Amino acid sequence: MLPRRIPWLTFAAPRNFHALVQALAPWLVRGAVVLAIAGLYTGFFVAPPDYQQGNSYRILFIHVPTAWMGMFLYLLMAMYAVIHLVWRIKMADVMARCLAPTGALMTFVALWTGALWGAPTWGTFWVWDARLTSTLVLLFLYLGYMALRSAVDDREKGGRAASLLALVGVVNVPIIYFSVEWWHTLHQGMSVTLTSAPSMAPSMFTALLLMTGACWLYCAAVTLRRAQVDVLEREADTQWVRDVVQRREVNGVSRPGAAVADESAAVREEGRS
Amino acid sequence: MRRQDVLTVVAFFVIVTTLFPLAVGPEPETLRALAPGGVWVAAALASLISLDRLFADDWRDGTLEQLALTRQSLPVVAVGKIAAHWLSLGLPLVLLSPLLGYSLGLRGFELVVLVWSLALGTPVLSLLGATGAALTLGVRAGGALMALLVLPLYVPVLIIGSGAVSEAMHQAGPYAHLSLLGAMLAIALPLAPLAVAGALRISLD
Amino acid sequence: MWDGVGDFIAMGGHGPYVWGSYGVFAALLIAEVLLLGRQRRRTRAMLVRRCRRQVAAQSHWGPES
């Protein structure tokens with residue numbers, strides 16, 4: 001049994017995790033929506049046009065957050081992979097699995113927006129810029145992780161193999177980044193580097209922060225929801241899942257609040273015992 | 001490992017390198033500019049296809065299971081397998097590379113650097129590729145999947161390796177690149193066998 | 001700051017790039033959320049079906065029958 005003294009390990013138990021997500025996810029979504037509205041408003045109606053790039057720089061408000069999230073989610077995924085491999089905690093594997101699609105999506109959007117930003121700024125959709133290249137490699141790392149996982153029929157085995165791959169990948173990420181960076185500086189003549197204005201206007205920075213917050217909350221909400229579905233599927237034959245299903249059957253779909261309140265009470269109870 | 005395997009991989013290496021002039025055209029200047037990248041890409045692909053079945057035969061006939069059950073530690077077994085593989089399949093590529101480099105227009109010192117970069121770089125490729133091979137043991141469409149897993153990891157080696165030759169072509173010292181390749185080898189040598197052993201254990205479970 | 005809706009859409013000539021970025025981002029997020037929602041409904045339906053089957057089986061062979 002897991003030691004109860006470490007508080008966050010409580011949520012390594014599928015039942016508590018389910019209840020936690022049930023209580024947390026709606027708030028994450030609401031937070032993401034509020035921050036996104038505030039960020040888009042600031043980004044489009046408060047922040048002035050850039051003195052060099054005009055209005056195309058407004059892509060920055062999604063480009064930078066998605067690029068950050070792409071990298072951050074990979075690190076997070078690798079962290080869960082290590083936890084899974086070392087302590088054999090199944091929830092860590094579920095989290096790693098559920099982070100991958102969102103991470104790949106964020107990385108893809110970072111590439112896409114980078115290309116569309118590059119077109120008016122550099123005059124071309126794609127340059128073999130160091131950041132673009134290493135982001136592309138990162139996307140391949142995500143795709144490899146997901147492909148390996150889905151190629152192995154045995155879920156347990158596939159999970160461990162994929163965790164090991166994530167670990168190998170995360171060791172390589174800095175090496176890839178530095179080698180690409182170095183390769184790029186050697187071929188400096190080939191491309192234009194993006195020189196941003198020395199200091200960002202405060203409103204731009206505010207918009208960037210708000211959008212980053214929105215992205216973060218969105219990723220958290222989607223990942224946790226996905227993990228929740230995954231947990232329900234894996235634990236379909238256990239009593240607690242039956243309880244959850246029955247409670248919802250009784251309460252009806254029209255009163256989701258009741259179920260949430262119910263389950264957060266269960267979490268508190270769990271914390272006390 | 002049979003002699004035929006060695007010949008196949010060497011032939012593959014030569015053919016891929018031959019494709020570059022056929023696709024790009026015979027202009028010596030263009031070919032010279034492409035030479036470092038061409039030889040290195042061919043070497044990386046040859047390493048990839050040769051590693052594909054590194055553990056597959058031993059896994060299928062149960063030898064691997066026997067090895068895992070003996071006292072011999074699995075990382076040591078992995079080092080042995082990778083070393084044997086590199087000596088029989090990696091080394092021929094290294095020895096053959098000056099010929100191919102010459103045919104693409106590299107001369108003198110550049111060829112020496114090419115050989116050195118491959119001698120330092122292909123073991124790293126083998127170590128990384130062995131990890132991929134161990135992870136994809138007994139997996140559907142293992143070959144294509146392995147390419148997807150391993151090629152992104154090859155990127156740094158490819159950049160630094162062909163970079164060394166490019167530096168030599170531009171009358172700059174290739175030593176920084178070569179030392180970086182050496183550093184990568186020094187990192188991969190102790191770490192990759194551990195990863196390989198872990199992956200083998202997972203697929204043996 | 002903007003001279004009406006047209007100016008806002010045009011983004012100083014960079015409209016296609018800006019809206020191409022935001023549009024694809026939004027479309028992908030919506031697609032992800034919809035896919036996840038579908039998966040969630042499917043899982044829930046599967047669980048409900050299982051639960052009902054179990055209840056039916058229990059009432060059939062259980063001690064109270």
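The values are calculated or read from the model by the stated rules, or taken from the named source; none is laboratory data. Because the structure is predicted, anything quoted here is derived from the model rather than measured. Please note: Cβ atoms are built from the backbone with ideal geometry, for glycine as well, and neighbour counts cover all protein chains shown. The accessibility values were calculated without ligands, DNA or RNA, using every heavy atom of the protein model including side chains. Shrake-Rupley method; radii C 1.70, N 1.55, O 1.52, S 1.80 Å.
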- Item | Filter pass, B:SER126 being in contact (Cβ under 8 Å) with a residue 24 or more places away in the chain and crowded, with 19+ Cβ neighbours inside 10 Å | yes
- Could you grab the pairs with beta carbons closer than 6 Å, sequence gap of 6+ or different chains, first residue in segment A:126-141 and within 8 Å of chain B (Cβ to nearest Cβ), second one hydrophobic (A, V, I, L, M, F, W, C) and open to solvent by 20 Å² or more (accessible area, probe 1.4 Å)? A:VAL137/B:VAL155
- Task: Look through segment A:138-158, keep the residues that are at pLDDT 90 or above and hydrophobic (A, V, I, L, M, F, W, C), and return whichever of them is surrounded by the most Cβ atoms within 10 Å (Cβ to Cβ).
- Result: A:LEU141
- Query: Name the pairs whose Cβ atoms lie under 6 Å apart, with the first residue in segment A:18-33 and more than 15 Å from C:LEU29 (Cα to Cα), the second assigned to a helix (DSSP H, G or I) and among the basic types (Lys, Arg), and 6 or more positions between them or separate chains?
  - Reply: A:ALA25/A:ARG225
- Query: Given the conditions (1) open to solvent by 80 Å² or more (accessible area, probe 1.4 Å); (2) at the interface with chain A (Cβ under 8 Å from one of its Cβ atoms), which single one is not true for C:TRP2?
  - Reply: (1)
- Message: Can you confirm whether A:LEU105 is open to solvent by 10 Å² or more (accessible area, probe 1.4 Å), touching a residue at least 40 places away in the same chain (Cβ under 8 Å), within 23 Å of A:GLY213 (Cα to Cα) and part of a helix (DSSP H, G or I)?
- Response: no
- segment B:30-46, residues that are in contact (Cβ under 8 Å) with a residue 60 or more places away in the chain and open to solvent by 10 Å² or more (accessible area, probe 1.4 Å): B:LEU31, B:ARG32, B:LEU34, B:GLY37, B:VAL41
- Item | Selection within segment B:191-204 - under 17 Å from the mean Cα position of the chain (by Cα) and either open to solvent by 30 Å² or more (accessible area, probe 1.4 Å) or β-branched (Val, Ile, Thr) (or both) | B:LEU191, B:VAL196
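Yes or no, residue by residue, for (1) surrounded by 11 or more Cβ atoms within 10 Å (Cβ to Cβ); (2) under 12 Å from the mean Cα position of the chain (by Cα); (3) within 30 Å of A:SER203 (Cβ to Cβ); (4) not aromatic (Phe, Trp, Tyr):
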{"site": "C:GLY13", "(1), (2), (3), (4)": "yes, no, yes, yes"}
{"site": "C:TYR17", "(1), (2), (3), (4)": "yes, no, yes, no"}
{"site": "C:VAL48", "(1), (2), (3), (4)": "yes, no, no, yes"}
{"site": "C:ARG52", "(1), (2), (3), (4)": "yes, no, no, yes"}
{"site": "C:VAL55", "(1), (2), (3), (4)": "yes, no, no, yes"}
- Message: Criterion first (over 12 Å from the mean Cα position of the chain (by Cα) and facing chain A (nearest Cβ under 10 Å)) does C:GLY37 satisfy it?
- Response: no
- Has segment B:5-19 got at least one residue that is of a type in the set (Asp, Glu), over 22 Å from B:TYR154 (Cα atoms) and touching a residue at least 40 places away in the same chain (Cβ under 8 Å)? yes
- Task: Could you tell me whether any residue of segment B:30-43 is of a type in the set (Val, Ile, Thr), over 24 Å from B:LEU145 (Cβ atoms) and more than 15 Å from the chain's Cα centre (by Cα)?
- Result: yes
- Query: (1) within 9 Å of another protein chain (Cβ to nearest Cβ); (2) modelled with pLDDT under 95; (3) open to solvent by 20 Å² or more (accessible area, probe 1.4 Å): which one isn't true of A:PRO174, the others all being true?
  - Reply: (1)
- Can you tell me which residue within segment A:45-74, out of those that are polar (S, T, N, Q) and touching a residue at least 12 places away in the same chain (Cβ under 8 Å), is farthest from C:TYR22 (Cα to Cα)? A:GLN52
- Test result for C:TYR22, more than 30 Å from A:GLN228 (Cβ to Cβ), among the aromatic types (Phe, Trp, Tyr) and either within 11 Å of another protein chain (Cβ to nearest Cβ) or touching a Pro at 6+ places or on another chain (Cβ under 7 Å) (or both): no
